[in-house]
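*Asks:* Mind looking over this structure? Questions follow.
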Amino acid sequence: MSYRRYLRRPAVSSILGLVLLITASMLTYLVARPSPGDEPELTLGLAKAEGQAAGASGYHYQRSSEPDRTEIIDSSGEPVAIMTDGARTAHIYGPSRTFEEPRFTDAKIETDMWVRLAPQPWRAGAEQEQWFVDWFAAARRDRSPDVLSIAFEYVDGAPVKRDNQGQQYSGDASFGPPDPADPDGRQERSDFYDYLGLPWSFLDGKAAIPEPQRKLALDCSGYLRMVYGHRLGYPLRGTNTPGEGLPRRAYAMAEVGPGVQLMPNSGQRARGIDKLLPGDLVFFNAQPVPNRQIDHSGIYLGIDDGGHHRFISSRSQTDGPTMGDLSGAPLLDGVGYWPDRWLTARRL
């Protein structure tokens, strides 16, 4: 069941609707979603109108569970955004985009969902608060790179981007240097600061020095930290301990990381795939022995044009980030290497 099936149009009185229809019989109305540039500024904190939750004028706030969340719906019944309790990740509907990597897969991801980070974790009723008023009005118009588009800035052949000081911050990333123990594999331990080639001090006190042989490399968790942390500003830890920020390793992200765990890690294949939304972090046991161990992570992209739940991750066998089918199609449904090893997911 998709999230769209949860989004219902507000109830309308049939008697009142008939009166309005007769009164306006000489007029013609065109009902359409406004373009981003034409959307009105939001005004939150208004008194509750009849049949509408208190909050932004013209918007309905619907509460749902598993996970607990607020779904924002416009006056025509169209979904506007989904805000999940305890998470900063915001899912905002906007212009449709298509993501593809034709060199490595025929699959395409078409989505009208934009994935951004709110300034603070969501909680029920936050639509009344000033921080949300200010942020959401701007976020609905924002067409700068979001989680999904940034994720594709590190795939094979991605163009190089540099800041005003000439520092490269995106472009084709490898996984790491060759692994002497695995002729077909690459070494782990390449974090975002290795890709950048810059020393880094973390909020938990750890100081890190990049290794020259890992420049422009990102392992699976380093890739997530580049996208969510360095590029979008989510706090980062230098260790794998609990606390504020995203830990270094995949197992720590899944077990003690921030945000909301969407399903428990039982050591068996994860259940509850319909809880996922694009941008969620997905975690796997890539070892031969099935257990609760987590040693791989990725970013869920959504349902591809073949009807499959697809993710993107940085993998040793593909030498970097990809949504492609090398080393096993990166799917969560059906049968195959990755579906059988998917254990849990988290929304930051």
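*Asks:* Which aspartates and glutamates have a Cα lying under 19 Å from the Cα of Lys108, excluding residues fewer than 8 positions away in the same chain?
*Replies:* Glu100, Asp146, Glu153, Asp156, Asp280, Asp304, Asp305, Asp325, Asp333
*Asks:* Kindly state, to the nearest 0.05, the FRET efficiency for Gln120 paired with Arg97, given R0 = 22 Å and r defined as their beta-carbon distance.
*Replies:* Numbers: r = 27 Å, r/R0 = 1.22.
So the FRET efficiency works out to roughly 0.25.
*Asks:* Once you charge only the Cβ atoms, +1 for Lys and Arg and -1 for Asp and Glu, what is the size of the charge dipole of the range 84-239 about its Cα centre, to the nearest 20 debye?
*Replies:* Details: 19 positive and 24 negative charges, 98 e Å.
The dipole of the range 84-239 has a size of about 460 debye.
*Asks:* How large is ³J(HN,Hα), in whole Hz, for each residue of the range 272-279 in order, when computed from phi with the Karplus curve 6.51 cos²θ - 1.76 cosθ + 1.60 and θ = phi - 60°, using x for Gly and Pro?
*Replies:* Once θ is set to phi - 60°, the couplings for the range 272-279 become x, 4, 6, 6, 6, 10, x, x Hz.
*Asks:* Using a 1.4 angstrom probe, figure out how much accessible area the range 282-330 has per residue, in square angstrom, rounded to the nearest whole. Don't jump to the answer; show the numbers that get you there.
*Replies:* Details: 1700 Å² over 49 residues.
Each residue of the range 282-330 exposes 35 Å² on average to a 1.4 Å probe.
*Asks:* In whole Hz and in residue order, list the ³J(HN,Hα) couplings for the range 296-307 that follow from phi through the Karplus curve 6.51 cos²θ - 1.76 cosθ + 1.60, θ = phi - 60°; x for Gly and Pro.
*Replies:* Coupling constants for the range 296-307: 8, 9, x, 10, 5, 9, x, 8, 7, 6, x, x Hz.
*Asks:* Then there is this: Quick check: from the Cα gyration tensor, does the range 80-156 come out rounded (a/c under 1.5), prolate or oblate? Don't jump to the answer; show the numbers that get you there.
*Replies:* On the way: a/c = 2.64, a/b = 2.45, b/c = 1.08.
Note, shape of the range 80-156 comes out prolate.
*Asks:* Report, in whole Å, the centroid distance computed from the Cα atoms of the range 229-304 and the range 74-147.
*Replies:* 20 Å
*Asks:* Turning to a different aspect of this structure: Accessible area per residue for the range 134-249 in Å², computed with a 1.4 Å probe and the full protein assembly in place, what is it? Could the numbers behind the result be given before it?
*Replies:* Working: 5170 Å² over 116 residues.
Value returned for the range 134-249: 45 Å² of accessible area per residue.
*Asks:* Right, another one. Need the list of aspartates and glutamates near Lys206 for cross-linking: C-alpha distance under 16 angstrom, and skip anything on the same chain fewer than eight residues off.
*Replies:* Qualifying aspartates and glutamates at Cα under 16 Å: Asp191, Asp194, Glu244.
*Asks:* Using unit Cβ charges (K, R positive; D, E negative) and no other charged atoms, how large, in debye to the nearest 20, is the dipole of the range 236-306 about its Cα centre? Don't jump to the answer; show the numbers that get you there.
*Replies:* Numbers: 7 positive and 7 negative charges, 61 e Å.
With only Lys, Arg, Asp and Glu charged at Cβ, the dipole is about 300 debye.
*Asks:* Sticking with this structure for a sec: Which whole-number percentage describes the relative contact order of the range 75-190, with Cα contacts under 8 Å and a sequence gap of 6 or more? Walk me through the numbers before you get to the answer.
*Replies:* Details: 144 pairs, mean separation 18.1, N = 116.
The normalised contact order for the range 75-190 reaches 16 percent.
*Asks:* Related question: Sort the range 252-348 into rounded, prolate or oblate with this rule: let a ≥ b ≥ c be the square roots of the eigenvalues of the Cα gyration tensor; rounded if a/c is under 1.5, and if a/c is not under 1.5, prolate when a/b is larger than b/c, oblate otherwise. Please list the in-between numbers first.
*Replies:* Values: a/c = 1.36, a/b = 1.17, b/c = 1.17.
Taking the square roots of the gyration eigenvalues as a ≥ b ≥ c, the range 252-348 is rounded.
*Asks:* Okay, moving on. Probe radius 1.4 Å, ligands and nucleic acids ignored: give me the carbon and sulfur share of the accessible area of the range 219-325 as a rounded percent.
*Replies:* Values: 1780 of 3680 Å².
It is 49 percent, rounded to a whole number.
The values are calculated or read from the model by the stated rules, or taken from the named source; none is laboratory data. Computed from a prediction, not measured in an experiment: that's the story for all the values here. Heads up, the Cβs are rebuilt from the backbone with ideal geometry, glycines too, and the neighbour counts pull from every protein chain shown. Ligands, DNA and RNA are excluded from the accessible area calculation, which covers all protein heavy atoms including side chains. Shrake-Rupley method; radii C 1.70, N 1.55, O 1.52, S 1.80 Å.
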